[in-house]
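Notes to accompany the following structure.
Values quoted throughout were computed directly from the atomic coordinates according to the rules given, and no laboratory measurement underlies them. None of the values given here were measured: they were computed from a predicted structure. Using ideal geometry, Cβ is built from the backbone for each residue, glycine included, and neighbour counts are taken over all protein chains shown.
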Amino acid sequence: MNEHVQAGPAVPLFNPLSPDFIRDPYPHYERLRATDPMHVTSYGAIVASRHAEASLVLRDRRFGKAFVERSIRRYGPDIMNEPIFRSMSHWMLQQDPPDHSRLRGLVVKAFTARRVEDMRPRIREVVDQTLDAVIDRGKMDLIADFAFRLPVTIICDMLGIPEDHREVFYASSRTGGRILDPVPLTPAEIADANASNAMMTRYFEQLFELRRREPGDDLTTQLVQAEEDGSKLTNEELTANIILLFGAGHETTINLIGNGLLALHRNPDQLALLKARPELITNAVEEFLRYDSSVQMSGRVALEDIEDLGGRRIAKGDTVLSLLGSAHRDPAVYPDRPDSLDITRPNVRPLSFGGGIHHCLGAQLARIEAEIAISTLLRRLPDLRLDDADNPAWRPTFVLRGLKCLPASW
């Protein structure tokens, strides 16, 4: 490894949108951990590639989101005139207390352990309906025809999106992931993100009017009522956070299911083991999250000077990016073959859903959706095989790691 690292110094240590990195980021992470674990990127952010520093940054109150300040530092003050950046500045995901606490408090009841557990029958029903629709074909795209439909249906249920409105969401393209990447957006990419945000805003404003006239037992009704009580939620916060909930409610789950199925079929011994012992599915999902995380990075800003983090001084205002995918392969935490898939691996504690006050509200829902989807697929289609497991088509995004498509047949 050292010889490889020392050769070819012209290759950037961290180039997350390069085709080679998108295809397989893990050798690049190994190189970072070995040579420069607190690496300063060409655009000024610091990437933490070891588990110790990456996990600390997620939990330590000396770090915050500071979205507006971070965006201005990257793009200049005019960036906040762009509608997509104004919208993101209202996301609870990008807020620090007290606004974060206020916004999260408005939706947390929808994601309690009891309410999520009660959704299991509906999740099973959707998975079975999805498979019923394709089973006689003998083939499908595991992303578009399977992994995509389940979480989109469930988040539509939670948001109270009427059945006859949903086809547009099932048919929508998945192009929004680039907005979260650490590499700055081009003007054309910002324009595309603005257009997509405008389209979503128009739809949800219509949904808000519907739920004002016809309240339901759903998150949109709950948030519309909070918006009417202006002390709890502004109109801008309502719109931005519904868009966030819709995107976060399906995007990472699609990738978790797709990446997990690819990992299993690339490791036939683990696939055979899970078929023989379906009770391993809960631990298997944790290992899928560790082995090829659907979220590869989470960023924070230092709220004060930090004298020593992994051997580097961090100044107030510095952006530190926790490389979750790298932390998950760190031999200091996973000493037993960290680059291997092992669905029986003990003590797997992936960082995929973040940490501290920003731990993902929907983490348990995503886990349950993946458990039911993968276990049902293996039971109902035991002869399923991937048509091109060796050279899958990855989406050209870094933070949200997932497949464009995954053709399969049986």
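Express the relative contact order of segment 2-409 as a whole percentage, based on alpha carbon pairs under 8 Å and six or more residues apart in sequence.
27 percent
Counting only helical runs of four or more DSSP H residues, what would the 222 nm mean residue ellipticity of the chain come to if each run contributes -39,500 (n - 2.57) and the total is spread over all its residues? Each step should come with its number before you reach the end.
On the way: 19 runs with 197 residues, N = 410.
Computed ellipticity for the chain at 222 nm equals -14500 deg cm²/dmol.
Tell me, how many Å apart are the Cα centres for segment 338-410 and for segment 19-91?
That distance is 23 Å.
Considering the Cα trace of segment 265-410, what is its radius of gyration and what is Dmax, both in angstroms?
That works out to 17.8, 57 Å for Rg and Dmax.
Kirkwood hydrodynamic radius for the chain: how many Å is it when counted over pairs of different Cα atoms? Could the numbers behind the result be given before it?
Working: mean 1/r = 0.0450 Å⁻¹.
Averaging 1/r across every pair of different Cα atoms and inverting gives 22.2 Å.
Restricting to bridges with both residues inside segment 2-409, how much of the DSSP beta-bridge set is antiparallel, in percent to the nearest 5?
Numbers: 20 of 23 bridges.
Within segment 2-409, antiparallel bridges account for around 85 percent of the total.
So if each residue of separation counts as 0.36 nm, and I subtract the Cα-Cα distance between ALA52 and ARG349, what length gain in nm does that give?
Values: separation 297, 0.36 × 297 = 106.92 nm, distance 1.31 nm.
Once the chain is fully extended between ALA52 and ARG349, it gains 105.6 nm.
Rounding to the nearest 20 debye, state how big the charge dipole of segment 2-409 is about its Cα centre with +1 on each Lys and Arg Cβ and -1 on each Asp and Glu Cβ.
Working: 50 positive and 58 negative charges, 112 e Å.
Roughly 540 debye, rounded to the nearest 20.
What order do you get for 225-234, 298-307 when each peptide is scored by the mean count of other beta carbon atoms within 10 Å, highest first? Intermediate results must be reported in sequence, preceding the final value.
On the way: 225-234: 13.9, 298-307: 17.8.
Listed from highest to lowest mean packing, they are 298-307, 225-234.
Work through the residues other than LEU159 whose Cβ is under 13 Å from its Cβ and net out their charges, Lys, Arg +1 and Asp, Glu -1. If you can, show how the numbers build up before the last one.
Numbers: positive: ARG166, ARG211; negative: ASP157, GLU163, ASP217, ASP218.
That sum, taken over residues with Cβ under 13 Å, equals -2.
Quick one, what does Rg over Rh come out to for segment 226-297 if you take C-alpha atoms and the Kirkwood Rh?
In segment 226-297, Rg relative to Rh is 1.26.
Convert each backbone phi in segment 86-102 into a coupling constant with the Karplus relation 6.51 cos²θ - 1.76 cosθ + 1.60 (shift: θ = phi - 60°), then list the ³J(HN,Hα) values in order as whole Hz, x for Gly and Pro.
5, 5, 4, 5, 9, 4, 4, 4, 9, 9, 10, x, x, 5, 4, 4, 5
Sort 311-317, 256-262 for me by packing, meaning the mean count of neighbouring Cβ atoms within 10 Å per residue, highest on top. Please report the intermediate quantities before stating the final value.
Details: 311-317: 13.9, 256-262: 26.4.
Going by the mean number of other Cβ atoms within 10 Å, highest first, we get 256-262, 311-317.
Sorted by mean Cβ packing within 10 Å, highest first, what order do the peptides 18-25, 152-159 take?
Numbers: 18-25: 14.2, 152-159: 21.5.
Going by the mean number of other Cβ atoms within 10 Å, highest first, we get 152-159, 18-25.
Grab the Cα-Cα distance for MET80 and ASN194, subtract it from 0.36 nm times how many residues apart they are, and report the gain in nm with one decimal.
Working: separation 114, 0.36 × 114 = 41.04 nm, distance 1.20 nm.
Gain in length upon complete extension: 39.8 nm.
Starting from the Cα coordinates of segment 150-273, work out the convex hull volume and express it per residue in Å³.
For segment 150-273, the hull spanned by Cα atoms encloses 156 Å³ per residue.
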